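For reference, the structure discussed in these notes is given below.
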Amino acid sequence: MVYVCDGKYELPEDLAYNEQYLYVNRENCTIGMSEIGYAILSTAKEIKFFELEQVAKDDPFAKLITANGPVTLRAPISGKILKINSASLGDLKKDPYYDGFFLQMAPQNLDEDLKNLVTGDNVKVWGEKQLDFLSAGEYTFKVIEIGESSVGKTAIKVRFTDNYFRRDLKSTLGIDFGSKQLDVEYLPDDIMMGGTKKLKIKITVWDFGGQQIYAGQRKQYYNQAKGALLVYDVTNPSSFKALPSWIKEMEQHTGKIPVLLIGNKIDLESERKVARNDGETFAKQNGYSYFESSAKDGRGVKEAFEAIAIDIYKTTLET
């Protein structure tokens, strides 16, 4: 057993974990949420399971309603769903690893799926890193991703948190989230603040569904956001033209927060329809930093998150 935060949270070493802090019990193939995941998401109010008989790895299987808004839960393994535990929410807090499981599955390719999960001796190393995330005095920032559907917001999140790319990622149903710690260096402009600061910042990325059907629900997702990534597709001019409406909606709920504009899908350069200069000009007019990225090959993704983390730090902690 791995203990985190002086024994406050437990991580059984015989389970496998994904970036959403969901676990897989390899003995009975149950899927549930770890104690750390429950703590990060705050009080869970309701869980809505999707009507599925089978699910692929990383595909959504349920929506968890929390104090901070809905979160889309994604399957850590592929396979047939044998049982849905409709009573899981009642047992999640007191016994998440056994009675509080979400699903029981007949795995399709368990050994292959486990390669991308935290297992074995790595659980201890991974669990100890969570201490930085949960201890007082560490920096944790909620960053939201906004923009039209299919611009690659989910792919950017997955590239950042898990460092991989899947072309067939499903569009987000409502909201998805992931998290990762960044070790960044920052040199303050004011020399009286000392030299280079070495910061450990946990970024919790909240990925909104851009479809119009979710427009009436999104206001709760903006709650407590410290920064935003405003994303468009460089091959899709309509996604660029929609940016002002996203800014208007965001500022209605968050006010002025640090925003970074991202032109995504630069791996499709031959299909580009929005010039880099247009993106840079729009960003400058709105007082945003500008990055271009490819979730497919990783270019610009980590750098964008490092930039927004530093912007949030400067805005919220140095003022």
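Read the figures in this text as sums done on the coordinates, not as results from a lab. Treat the numbers as computed from the prediction; the structure is a model and nothing was measured. All Cβ positions, glycine included, derive from the backbone under ideal geometry; neighbour counts span all protein chains shown.
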(message) Once you place label points 7 Å from the Cα toward the Cβ at Val125 and Asn286, how far apart are they in nm?
(response) 4.0 nm
(message) Contact order normalised by length for region 222-293, with contacts defined as Cα pairs under 8 Å and 6 or more residues apart; what percent is it?
(response) 39 percent
(request) Subtracting the Cα-Cα distance from 0.36 nm times the residue separation, let me have the gained length for Lys248 to Glu271 in nm, one decimal. (result) 5.4 nm
(request) Under 13 Å from the Cβ of Ala307, count the other residues' Cβ atoms, weight Lys and Arg +1, Asp and Glu -1, and hand me the total. (result) -3
(message) Just want to confirm a number: the relative contact order over region 2-122, from Cα pairs under 8 angstrom separated by 6+ residues, in percent.
(response) 26 percent
(request) Could you sort out which of Lys226/Lys314; Lys115/Lys153; Lys219/Lys256 sit more than 18 Å apart by Cα distance in this structure? (result) Lys115/Lys153
(request) Grab the beta carbon distance between Val2 and Lys256, set R0 = 45 Å, and tell me the FRET efficiency rounded to 0.05. (result) 0.65
(request) Can you tell me how much longer the chain between Leu52 and Lys93 gets when fully stretched, taken as 0.36 nm per residue apart minus their C-alpha distance, in nm with one decimal? (result) 12.2 nm
(message) At 0.36 nm per residue, and after removing the present C-alpha to C-alpha distance, how many nm does the segment from Ala106 to Ser150 gain when stretched out fully?
(response) 12.7 nm
(request) Sort out for me the Cα centre separation of region 1-38 from region 250-293, rounded to whole Å. (result) 37 Å
